[in-house]
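Chemist: After the structure tokens below, expect a handful of questions from me.
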């Protein structure tokens, strides 16, 4: 199982990233709040289909990221391990770029991104299951807030990756 998850990690990451960019980018053209319209547009249908697929993929990806105690890297607050994050924040204050390894600030951002994507997927599928009800409108609102959080964290993740690429090229 470990070998399979390791092999799937890269393709899942690329698939999740590309589908998420489409889902976030196409969201202004969605026209569903209480339920999926009878004459659903391409954007509505693709959002639902890709959203369900992304949820399945992010569940598998999360298992791969968190197995073998690696969850502590992405979610240090759950393990009470704030020292690496504190070190990274102190380094930023002194003009140093945080490290990629060791479960510091950048890994915590990745963990928050993963949680935001999971939450967005779960609330989206839950909305789909209860569409047409009052609960659907609440789930739609929560889904939107989580999606907005995900988009912000995705941009932050892109910035951190870009900083490391620039640093890598300089060396």
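Chemist: Among (1) surrounded by 18 or more Cβ atoms within 10 Å (Cβ to Cβ); (2) modelled with pLDDT under 95; (3) under 17 Å from the mean Cα position of the chain (by Cα), where does residue 27 come up short?
Modeler: (1)
Chemist: Can you tell which of 87, 170, 72, 94 is over 30 Å from residue 45 (Cβ atoms) and within 18 Å of the chain's Cα centre (by Cα)? Working first, answer last.
Modeler: Working: 87 fails: within 18 Å of the chain's Cα centre (by Cα); 170 fails: within 18 Å of the chain's Cα centre (by Cα); 94 fails: within 18 Å of the chain's Cα centre (by Cα).
Selected residue: 72, the only one of 87, 170, 72, 94 that is over 30 Å from residue 45 (Cβ atoms) and within 18 Å of the chain's Cα centre (by Cα).
Chemist: Check 21, 14, 48 and return the single one that is more than 18 Å from residue 145 (Cα to Cα) and either modelled with pLDDT under 95 or within 19 Å of the chain's Cα centre (by Cα) (or both).
Modeler: Numbers: 21 fails: more than 18 Å from residue 145 (Cα to Cα); 48 fails: more than 18 Å from residue 145 (Cα to Cα).
None of the others qualify; the one that does is 14.
Chemist: Restricting attention to segment 121-130, and to residues there that are assigned to a helix (DSSP H, G or I) and without any contact (Cβ under 8 Å) to a residue 40 or more places away in the chain, which single residue is nearest to the chain's Cα centre (by Cα)? Before you say what the answer is, go through the steps one by one.
Modeler: Taking segment 121-130 first, the residues assigned to a helix (DSSP H, G or I) are 121-129.
From what is left, the residues that are without any contact (Cβ under 8 Å) to a residue 40 or more places away in the chain are 123, 126-127, 129.
On the way: 123: 13, 126: 17, 127: 19, 129: 22 Å.
Looking at residues that are assigned to a helix (DSSP H, G or I) and without any contact (Cβ under 8 Å) to a residue 40 or more places away in the chain, I get 123.
Chemist: Right, something else. Run down 117, 163, 145 and say which single residue is farther than 25 Å from residue 1 by Cα, surrounded by 13 or more Cβ atoms within 10 Å (Cβ to Cβ) and within 17 Å of the chain's Cα centre (by Cα). Step through it out loud before you land on a result.
Modeler: Numbers: 117 fails: farther than 25 Å from residue 1 by Cα; 163 fails: within 17 Å of the chain's Cα centre (by Cα).
From the options 117, 163, 145, the qualifying one is 145.
Chemist: Which ones in segment 24-51 are in contact with a helix residue (DSSP H, G or I) (Cβ under 6 Å, 6 or more places away or on another chain), under 18 Å from residue 119 (Cβ atoms) and in contact (Cβ under 8 Å) with a residue 60 or more places away in the chain?
Modeler: Of everything in segment 24-51, those that are in contact with a helix residue (DSSP H, G or I) (Cβ under 6 Å, 6 or more places away or on another chain), under 18 Å from residue 119 (Cβ atoms) and in contact (Cβ under 8 Å) with a residue 60 or more places away in the chain turn out to be 24, 51.
The values are calculated or read from the model by the stated rules, or taken from the named source; none is laboratory data. This one's a predicted model, so the numbers in the text were calculated from it and none came from an experiment. Every residue, glycine among them, receives a Cβ derived from its backbone with ideal geometry; neighbour counts consider all protein chains shown.
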